[in-house]
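For reference, the structure is listed below as structure tokens.
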Amino acid sequence: MSLSQTLARRVNVSTRFALVQMKGQQRRNGGSLNKNKNIEVWNGGRENCDREFAFNASNMGKFLLGTVLPAAIVYHFVMEEQIKHDQIEGKPFNPRRYL
């Protein structure tokens, strides 16, 4: 970092005093901060998910479909590749090797 950047980022004493004075006031951040309603709704739902989630067969099916099934598919293809490499290297077939 150059000297000019360091000096430009330095906060002088009067700015510090102004920040201490407006401690109880709401800061506007120069008008660059606008809350997004969709993000606020998402945060509220995420915080209250234990109250909003209904445990039923439909949700359990979606959960299993989205978590267990992809992992099982990846495991299956990795096992096929390992068995192929073992056959190429001349290792005997052992079904318990990669459990």
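Coordinate-derived values only; no laboratory data. Because the structure is predicted, anything quoted here is derived from the model rather than measured. Cβ atoms come from the backbone with ideal geometry, glycine included; neighbour counts cover every protein chain shown.
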Practice problem: Would you mind counting up the charge near Arg97? Only other residues with Cβ under 10 Å from its Cβ, with Lys and Arg at +1 and Asp and Glu at -1. | Solution: +1
Self-check item: Viscosity 1.002 mPa s, temperature 20 °C, Stokes-Einstein D of region 32-99 from Kirkwood C-alpha radius, µm²/s
Solution: 130
